[in-house]
Amino acid sequence: MNDTIAGNAGAPPLGARLRALLTGPLLFPALLLLLAIVAIGAMVVGGAGIPLHRVPAALGLTQPIDAAMTERDRLVLLSVRLPRIAMAVVIGAMLASSGAIMQGLFRNPLADPALVGVSSGGALAAATTIVIGDRLTVQAIPLPFAILPIAAFLGSLVTTGVLQRLAMRGRATSIAIFLLAGLAIAALANAGIGLLVFVADDRQLRDITFWLLGSLGGATWEKVALIAPFLAVLLAAVPFIGRGLDLLVLGEAEAFHMGVAVERLKRISIVLIAAMTGAAVAFAGVIGFIGIVVPHLLRIVIGPGHRRLLPASACLGATLLLAADTAARTIAAPAEVPIGVLTALVGAPFFLVLLLRQRGLAGL
Amino acid sequence: MSAIEVQALSVRVGAKRLLEDVSFSVAQGETIAVIGPNGAGKSTLLRTLSGELGASDGAVLLKGRAPQAWHPRDLALRRAVLSQNITVTFPFTVAEVVRMGAGERRGKAIDAMADAALAAVDLPGFRDRIIGTLSGGEQQRVHFARVMVQLACGEAEHGPGILLLDEPTASLDLRHQLDLVSVAKQCAARGTTTIAIVHDLNLAALMAERIIVLGHGRIAADGPPAATINDAMLSAVFGVTAAVGRMPDAGVPFVLPHRAEKSRAH
């Protein structure tokens, strides 16, 4: 107690001032700078090496020295690496911020769409569409491109809704019931996926495996253009749900006492979570733990207020998934490690540490 | 116009009758303590007044309108509620929690208001502490400060408001119980209407000028402390035999229960 009072007397030390700047006005510039550095790294490394000094010419920023080589670099960058980078950025941002929204909605720092079956629900719907859709369509008329994302979104929406019904009975949200219900839902969805794997043919099987392990391999500009609006909607919604989520931390009744239209906030949040998770699952499969690691780290640094936490999660989630994806395609090159496997390898131990530290709070 | 009107209110959840034909009217600036045994319907009454629960029959009017007829944001500017057992999952600081009471309002005036509220609950210097690290009683006082800020913000725009307290003193030590009573009295002096559920009958008598006794979802007694807290009521509603005395100066009753009665009509 005395420390905080006495601490105000003199000027704060340089370290504290820097920290205050980085967690205050310079937070977003710093996060974006970090993202830019990782993005440049992601442009440079990979099967076809493009050293840093050749990047500006390949992007058309400077005059080419060797026209043929620049043309090759250009092709690799513009049609392979940049769409993949953009995809990782958008999906990483969506995974992290939907995790943060879910944790706020359920007042539970352990909530993550991938962990509690929301991603599995999306993947089940996508897998169902692949297998059953294939049987329904005539060879000549393939399924429209957008139907998989829509199916994944609906699958995620239904799962989130069911989870909310199960976990929010009465006034109190039980963290144990929430996690167990999520576990059961994930198991059910995975059983459904297993059933589909059983009846699928070879090509369908390959497609389904893609949903389960997660990959950013198939990124194209068309897909980026399809998915980016989802992120834009999320970021636009932040000012409207940020304060409500803050007040919801005290409890639903208390949020209502302080003037929050709680039911509407819950509906908006659930649709956002489902849309983000569904879109991410549709284009990159199930990628876990980004949604839990990123908001948790940020809460330690900038505090739990959602108006800053949500956009900051988007920035750091983008950076982390991009770094993970770059690692996934380089550590075992020319083969690719599935990114869902990689994030789980790093994220699951993190989750366990978190669980142990929160044990008293979780009442498990 | 009275601040609160409760007209033939009944609340049923499923087949359970929680409140039955409850009617009373509260003038602006009155301080009322609601007492009664466990399961008498006290919390149900408070939740209905706050707008959380709807009436099954009859009506509740806050400043002339049913709570559900207000937008939650407008209602929050006219009535503030302190609930029990609030847990804050995320590491918000004490100052952040207290400022939540101010809604979207920011700035120096709000900071000063929050500091004053923290001083009023005897927690100056706790601003930057994480609320989860405080003791239960300290957290309860932080939430009381938050509710005071909400009330003050609303009263600045719309005049005297309504304060609903659910066992505000439950986890407080004696001194802070009395502090809370004096803060509530200051509010009443400004014209705030207060309804508090209180378990401690002595504190209820000390705090309120009027006491509503609930038993089995109905009003068993309604009146000033001296008229409501007596042997007959304690026996009929609480099922206890108690010595009821009077404090020498103001004639406020106090209760020393000494025996539970064997046969209770339940």
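Points worth noting:
- When residues of region A:90-100 are limited to those that are of a type in the set (A, V, I, L, M, F, W, C) and over 18 Å from B:Pro91 (Cβ atoms), the one nearest to the other protein chains (Cβ to nearest Cβ): A:Ala96
- Residue count for region A:243-253, restricted to those that are touching a residue at least 60 places away in the same chain (Cβ under 8 Å) and within 7 Å of chain B (Cβ to nearest Cβ): 5.
- Scanning region B:176-205 for residues being without any contact (Cβ under 8 Å) to a residue 40 or more places away in the chain, polar (S, T, N, Q) and closer than 17 Å to B:Gly29 by Cα gives a total of 2.
- Cross-chain or 6+ apart pairs with Cβ under 9 Å, region A:228-241 first and without any contact (Cβ under 8 Å) to a residue 12 or more places away in the chain, then in a helix (DSSP H, G or I) and loosely packed, with under 13 Cβ neighbours inside 10 Å: none
- Qualifying residue in region A:214-227 (condition: more than 14 Å from chain B (Cβ to nearest Cβ), surrounded by 17 or more Cβ atoms within 10 Å (Cβ to Cβ), closer than 18 Å to A:Gly117 by Cα and at pLDDT 85 or above): no
- Total residues in region B:14-31 satisfying the condition of being in a strand (DSSP E or B) and either touching a residue at least 24 places away in the same chain (Cβ under 8 Å) or within 20 Å of B:Arg210 (Cβ to Cβ) (or both): the figure is 11.
- Scope region B:153-174; condition in contact (Cβ under 8 Å) with a residue 40 or more places away in the chain and either over 17 Å from B:Glu30 (Cα atoms) or crowded, with 23+ Cβ neighbours inside 10 Å (or both); matching residues: B:Cys153, B:Gly154, B:Glu157, B:His158, B:Gly161, B:Ile162, B:Leu163, B:Leu164, B:Leu165, B:Glu167, B:Pro168, B:Ala170
So that you can scan it fast, the table gives a plain yes or no per residue for (1) surrounded by 16 or more Cβ atoms within 10 Å (Cβ to Cβ); (2) in a helix (DSSP H, G or I):
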{"position": "A:Pro29", "(1), (2)": "no, yes"}
{"position": "A:Gly46", "(1), (2)": "yes, no"}
{"position": "A:Gly49", "(1), (2)": "no, no"}
{"position": "A:Arg54", "(1), (2)": "yes, yes"}
{"position": "A:Thr62", "(1), (2)": "no, no"}
{"position": "A:Thr70", "(1), (2)": "yes, yes"}
{"position": "A:Asp73", "(1), (2)": "yes, yes"}
{"position": "A:Leu77", "(1), (2)": "yes, yes"}
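- Sole exception among (1) within 13 Å of chain A (Cβ to nearest Cβ); (2) touching a residue at least 60 places away in the same chain (Cβ under 8 Å); (3) buried (at least 17 other Cβ atoms within 10 Å of the Cβ); (4) touching a strand residue (DSSP E or B) at 6+ places or on another chain (Cβ under 7 Å) for B:Pro67, by number: (2)
- With respect to (1) away from chain A (no Cβ under 14 Å); (2) surrounded by 17 or more Cβ atoms within 10 Å (Cβ to Cβ); (3) within 30 Å of B:Ala260 (Cβ to Cβ), the lone exception for B:Ala15 is condition (2).
- Residue match in region B:132-145 (condition: over 22 Å from A:Leu265 (Cβ atoms), of a type in the set (Ser, Thr, Tyr), surrounded by fewer than 22 Cβ atoms within 10 Å (Cβ to Cβ) and over 18 Å from the mean Cα position of the chain (by Cα)): yes
- Test for A:Phe256: is it more than 9 Å from chain B (Cβ to nearest Cβ), within 20 Å of B:Glu96 (Cβ to Cβ) and not acidic (Asp, Glu): no
- Subset of region B:92-118 [assigned to a loop (DSSP other than H, G, I, E, B), of a type outside the set (A, V, I, L, M, F, W, C) and over 18 Å from A:Gly251 (Cβ atoms)]: B:Glu104, B:Arg105, B:Arg106, B:Gly107
The values are calculated or read from the model by the stated rules, or taken from the named source; none is laboratory data. Here the structure is a predicted model, which means the values were calculated and not measured. Cβ coordinates were reconstructed from backbone atoms using ideal geometry, including for glycine residues, and neighbour counts include every protein chain displayed.
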